[in-house]
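J.: Take a look at the following structure, please.
The values are calculated or read from the model by the stated rules, or taken from the named source; none is laboratory data. If you're wondering where the values come from, they're calculated on a predicted model, not measured in any experiment. Cβ: placed from backbone, ideal geometry, glycine included. Neighbour counts: every protein chain shown.
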Amino acid sequence: MRVLVVEDEAQLLEQLAGHLEDHGFAVEKARDGEEGLYIGRELPLDVAIVDLGLPGLGGIELIRKLRAEGRDFPILILTARGDWRDKVQGLEAGADDYVVKPFHMEEVLARINALVRRAAGWSQPRLRFGPLVIDTRAQEVWVDGRRVELTGYEYRVLEYLTLHAGEVVSKTELTEHLYAQDFDRDSNVLEVFVGRLRRKLDPDNRLQPIQTLRGRGYRFVLGEASPAAR
Amino acid sequence: MLAVSFVVLAGFLGVAGVALDQAFRRSAETALRERLMGHVYALLAAADEDARGRMVLPSALPDPRFANPDSGLYAVVVGSDGYQWQSPSLTGRSADFLDPQPPGQRRYSRVASDGQTLYVLNYGVSWEDDFGVQVRYTLAVALDFEPVAAEMAAFRASLWRWLGGLAVALLLVQGLIVRWGLRPLRSVEQDLQRIESGEAERLEGAYPRELQGLTRSLNALIRSSRSSRERYRNSLGNLAHSMKTPLAILRNAAESGARSGELRAVVLEQVLRMDEIVQHQLRRAAASAQVALGRAVAVAPVADRIARSLARVYADKPVDIALEVQDGARFFGDEGDLMEILGNLMENACKYGRHRVRVGAHALQAGRRPGLRLWVEDDGAGIEPHRHGEVLQRGRRLDEQQPGQGIGLSVVREIVEAYQGRIRISRGALGGARVEVEIPPPSLSQF
């Protein structure tokens with residue numbers, strides 16, 4: 001998942017970015033509102049974290065502009081004062097959730113994951129596709145009750161495909177959402193990940209969870225059992 | 001103010017003057033007409049008859065002025081049979097003011113004749129002679145208008161002189177009254193300047209009854225702003241003081257070469273503590289409390305905004321928030337404070353309730369500045385009675401599972417207390433907790 005972090009306090013920005021990357025996010029950093037607006041417009045994003053106390057183009061204005069331009073990825077606001085006026089204004093401007101500084105990093109992570117999952121239409125943290133269960137909070141995967149160990153990138157690929165279950169995801173799209181801008185992209189690496197995923201999830205070749213559409217991309221096709229919000 | 005009253009006065013006196021002038025004119029004219037009519041009757045009474053029985057004017061005329069040339073009183077008589085007569089006073093003058101009238105008709109007019117202005121009555125009569133022949137005569141009597149005109153002019157001049165003088169006098173008196181009336185305000189102004197320069201603390205003087213409402217409110221405002229400033233100063237002092245301990249602990253831990261795990265624990269703990277201290281002092285400093293003359297904030301729109309915001313944040317849950325806020329429910333104070341109260345209570349309800357939250361508010365009395373009661377209920381587990389006190393304490397968290405937000409009840413309690421209000425926890429109709437807040441009506445008497 002690709003996340004934009006807009007925060008003018010340099011140390012906090014680095015801390016947040018580092019933590020998010022450690023947990024499998026591709027992070028875009030912006031130090032002020034204008035930079036955040038540019039990135040928010042130009043790059044495909046899954047979620048954004050915006051500090052309200054930005055100089056120049058303020059957090060609330062930034063959110064308003066992004067929403068006005070049809071950018072509808074979920075937004076988590078960070079507020080130092082924590083008063084309800086700021087929270088309500090931020091939410092009315094188009095944000096989806098808030099966190100008060102100083103915050104626990106785990107809380108930010110949990111809320112971001114919840115927002116991404118909610119945006120994909122899932123109201124519960126556990127995604128169930130027949131025998132396959134993905135716990136997005138713990139980032140664990142089970143097949144037929146058996147725990148499956150995945151590497152960080154493998155999990156990310158699986159998560160993205162399942163959150164867009166039933167949709168065709170092109171290799172370009174997958175790469176864009178998995179790697180930060182300056183990462184060296186090689187679509188062959190993707191094929192390797194998908195191959196590994198198939199082997200780990202479906203060793204007997206019985207389930208065939210991921211379908212390859214030649215020239216178009218991948219699609220997760222395992223039946224959905226009980227997504228509450230769908 | 002004086003300019004307006006001058007215009008009004010001028011208007012009034014002008015209208016009065018014009019009315020009086022017109023009345024005098026009419027009266028003078030009426031008198032003139034009656035005199036002329038009188039002369040006509042006198043002439044008719046003095047008339048003789050000739051051999052045939054027709055009207056003949058004698059040489060002895062009722063008014064000596066008819067006999068004197070240029071006397072100012074003139075008469076002309078003409079008959080339909082060719083009879084003509086004019087008064088001796090008309091010698092050397094023209095009789096052009098004659099205007100024959102049918103019998104019974106009279107006509108008054110003002111004409112210019114021979115360089116003079118005359119007021120004329122032309123009167124038509126019918127006279128039957130001895131043979132039964134009807135002869136029509138017109139008697140014309142004219143009076144010199146000059147004296148009357150002069151009299152009217154004199155009256156008018158006198159009238160306007162008097163009215164003008166009256167206007168000036170009235171204006172002067174009014175000016176004096178206004179100055180005298182405003183004198184207390186000037187003394188209030190001087191007293192305020194003394195407060196500004198620090199010589200005095202409040203408005204202390206004998207002010208007239210009409211100003212007492214104003215001076216009371218001003219004193220309340222002064223007190224409120226002063227106590228606000230003091231509170232800020234105190235809070236900063238308290239904040240600085242309370243931070244010293246956690247800072248000292250952190251410093252010691254760093255300097256004493258504690259192991260990294262231990263250091264980490266100490267840092268986290270003290271950070272949490274410092275954060276709580278900062279939050280607490282910020283809230284206390286910012287609570288504007290009962291701002292004297294505070295504006296009324298309608299509760300319904302605020303509750304609505306917060307409900308929508310919470311619906312977004314808790315979209316996963318999902319929670320149904322029912323709003324039962326009366327239109328008349330108003331909060332006299334800072335809107336931010338109301339948002340803190342409602343926001344914290346409603347979010348707690350969303351967090352700890354299962355699916356349903358109810359929010360209500362109504363004014364406590366009728367009147368312009370009533371008190372307020374608001375309450376929030378949820379259908380969660382509720383709060384056990386023996387923990388009510390604990391839960392309202394600053395910084396105590398009844399649950400540690402939901403990270404980051406902390407329980408907002410202590411925040412709400414502090415704000416409510418700053419407004420001299422009460423907060424109460426009980427079991428609600430939905431089965432879970434009910435938190436009720438009562439804010440008394442705002443009053444200036446505490447200042």
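J.: Checking the conditions here, which among B:S94, B:S89 is crowded, with 16+ Cβ neighbours inside 10 Å and not in a strand (DSSP E or B)?
T.: B:S89 is the lone residue from the list that is crowded, with 16+ Cβ neighbours inside 10 Å and not in a strand (DSSP E or B).
Conditions tested, residue by residue: (1) at the interface with chain A (Cβ under 9 Å from one of its Cβ atoms); (2) farther than 20 Å from B:V391 by Cβ; (3) in a helix (DSSP H, G or I).
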position	(1), (2), (3)
B:R305	yes, yes, yes
B:A311	no, yes, yes
B:D316	yes, yes, no
B:L342	yes, no, yes
B:C350	no, no, yes
B:V359	no, no, no
B:Q365	no, yes, no
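J.: Let me ask you something else. Going through the range B:211-235 one residue at a time, which ones are farther than 23 Å from B:G333 by Cβ and in contact (Cβ under 8 Å) with a residue 12 or more places away in the chain?
T.: Hits for the range B:211-235 are B:L211, B:T215.
J.: Hand me the list of helices (runs of 4 or more DSSP H) wholly inside the range A:1-94 holding 2 or more residues that are more than 22 Å from B:R305 (Cα to Cα) and touching a residue at least 12 places away in the same chain (Cβ under 8 Å).
T.: Because the criterion is at least 2 residues that are more than 22 Å from B:R305 (Cα to Cα) and touching a residue at least 12 places away in the same chain (Cβ under 8 Å), the helices (runs of 4 or more DSSP H) in the range A:1-94 that meet it are A:10-22, A:33-42.
J.: Just for strands (runs of 3 or more DSSP E) wholly inside the range A:131-188: which have at least 2 residues that are at pLDDT 90 or above, under 25 Å from A:E107 (Cβ atoms) and among the basic types (K, R)?
T.: Output list is empty.
J.: Shifting gears a bit: I want to confirm something. Restricting to the range A:65-115 and keeping residues that are of a type in the set (S, T, N, Q) and away from every other protein chain (no Cβ under 11 Å), which single residue is surrounded by the fewest Cβ atoms within 10 Å (Cβ to Cβ)?
T.: That would be A:N113.
J.: Then there's this: Quickly run through the range B:230-246 and pick out the residues that are over 19 Å from A:K101 (Cα atoms) and either touching a helix residue (DSSP H, G or I) at 6+ places or on another chain (Cβ under 7 Å) or at pLDDT 80 or above (or both).
T.: Those that are over 19 Å from A:K101 (Cα atoms) and either touching a helix residue (DSSP H, G or I) at 6+ places or on another chain (Cβ under 7 Å) or at pLDDT 80 or above (or both): B:R231, B:Y232, B:S235, B:N238, B:A240, B:H241, B:S242, B:K244, B:T245.
J.: Considering only the range A:1-23, state which residues are surrounded by fewer than 16 Cβ atoms within 10 Å (Cβ to Cβ), of a type in the set (G, A, S) and closer than 21 Å to A:E176 by Cα.
T.: Selection gives A:G18 alone.
J.: Listed residues B:A31, B:A10, B:A19; which is within 18 Å of B:W160 (Cβ to Cβ), in a helix (DSSP H, G or I) and at pLDDT 90 or above?
T.: Sole residue among the options that is within 18 Å of B:W160 (Cβ to Cβ), in a helix (DSSP H, G or I) and at pLDDT 90 or above: B:A19.
J.: May I ask you to say which residue of B:S288, B:S227 is outside any helix (DSSP H, G or I) and at pLDDT below 80?
T.: Result: B:S288 is the single residue among B:S288, B:S227 that is outside any helix (DSSP H, G or I) and at pLDDT below 80.
J.: With respect to B:V168, is the statement that it is crowded, with 16+ Cβ neighbours inside 10 Å and farther than 15 Å from B:F97 by Cβ true?
T.: Judged against the criteria, B:V168 is not a match.
J.: Read through the list (1) more than 11 Å from every other protein chain (Cβ to nearest Cβ); (2) touching a helix residue (DSSP H, G or I) at 6+ places or on another chain (Cβ under 8 Å); (3) farther than 14 Å from B:R434 by Cβ; (4) not polar (S, T, N, Q), then give the number of the only condition that B:G380 fails.
T.: (3)
J.: Tell me yes or no: at least one residue of the range B:46-66 is closer than 19 Å to B:A95 by Cα, in contact with a strand residue (DSSP E or B) (Cβ under 8 Å, 6 or more places away or on another chain), surrounded by 15 or more Cβ atoms within 10 Å (Cβ to Cβ) and basic (K, R).
T.: yes
J.: Here's another thing I want to ask about it. Quick one: A:L37 ticks every box in (1) over 15 Å from the mean Cα position of the chain (by Cα); (2) within 14 Å of chain B (Cβ to nearest Cβ) bar one, so which box is it?
T.: Among (1) over 15 Å from the mean Cα position of the chain (by Cα); (2) within 14 Å of chain B (Cβ to nearest Cβ), A:L37 violates only (2).
J.: Would you confirm whether any residue within the range B:135-142 is within 30 Å of B:A46 (Cα to Cα) and either loosely packed, with under 13 Cβ neighbours inside 10 Å or basic (K, R) (or both)?
T.: Yes, there is a match, as at least one residue in the range B:135-142 is within 30 Å of B:A46 (Cα to Cα) and either loosely packed, with under 13 Cβ neighbours inside 10 Å or basic (K, R) (or both).
J.: Another one. Please specify each residue of the range B:305-337 satisfying the condition of being within 35 Å of the chain's Cα centre (by Cα) and of a type in the set (A, V, I, L, M, F, W, C).
T.: The answer is B:V325, B:A329, B:F331, B:F332.
J.: Go through the range B:172-212 and report how many residues are basic (K, R) and touching a helix residue (DSSP H, G or I) at 6+ places or on another chain (Cβ under 6 Å).
T.: 1
J.: Scan the range A:132-143 and tell me whether some residue there is of a type in the set (D, E, K, R), closer than 26 Å to A:D51 by Cβ and more than 9 Å from chain B (Cβ to nearest Cβ).
T.: yes
J.: What number of residues in the range A:1-43 are within 21 Å of A:L109 (Cβ to Cβ) and of a type in the set (F, W, Y)?
T.: Here the count works out to 1.
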